[in-house]
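The values are calculated or read from the model by the stated rules, or taken from the named source; none is laboratory data. Owing to the predicted nature of the structure, the values given are computational and were not obtained by experimental measurement. Reconstructed Cβ throughout: ideal geometry from the backbone, glycine too, with neighbour counts over all protein chains shown.
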Amino acid sequence: TDVPQALTTLKRLLHAFRFSNDPLSLILEQNNLGKSFLHLVIEAKTVPIISLHPIMQRCSTLNQKGESMPLESLMSLQDSQGNTALHLAAIKNHEEQLLTMIKSVELSVRDRILGLRNGRGNNVLNCAAFHRRLASLSAIIPLIAQPTLLPLLQSKNKQELSVVACALRFLNTPFWETLEKRLTAGDLHEIVREQDIDGRTLLHLTWIQKQ
């Protein structure tokens with residue numbers, strides 16, 4: 001395939017997309033692997049070459065006018081492995097694209113979309129923690145409504161490992177500073193008691209690092 005020509009064509013298509021009355025209908029279509037256009041953009045081997053800002057802005061504007069399908073419909077599409085575009089962005093560390101997608105939907109539905117599980121039993125935060133994307137995880141946390149934050153952080157995958165227990169293995173200071181700002185004292189108490197896959201709490205791990 002002629003890559004420059006393909007990119008030119010894609011840009012023209014996206015230009016037309018911005019003036020569509022119902023842009024979501026154009027990108028909700030899934031291929032035989034369950035992948036939407038959004039999956040394919042995020043799944044690029046390097047940082048995605050297509051900016052999601054114009055797409056998300058156009059969809060968001062039409063959503064507010066009640067002239068388009070809810071944007072969370074697109075965010076909720078899962079491929080044959082159960083991954084949404086958000087899962088893929090977390091796994092591949094496409095932080096800018098991940099945050100753009102999260103910010104594009106209403107605060108009230110973010111926990112539901114982030115909590116969707118793939119075939120491995122992981123939600124988006126599980127994926128970010130498991131793949132050591134702690135900068136992305138720290139950036140996501142302030143975007144989640146306070147009442148739903150702790151349950152998301154404590155959600156466990158099939159290996160019975162929660163988001164926090166997975167992340168605490170790396171003792172990342174900025175991540176913990178983010179938690180301290182967003183969680184209550186009681187919530188932090190619950191976090192400190194979390195155990196990793198070897199039964200170690202944050203206190204155990206901190207002491208081991210100190211030695």
In the set L202, L125, L149, L153, which member is at pLDDT below 80 and surrounded by 19 or more Cβ atoms within 10 Å (Cβ to Cβ)? L202
Consider the stretch 100-118. How many of its residues are at pLDDT below 90 and surrounded by 16 or more Cβ atoms within 10 Å (Cβ to Cβ)? 4
Read through the list (1) within 18 Å of R120 (Cβ to Cβ); (2) at pLDDT below 65, then give the number of the only condition that L33 fails. (2)
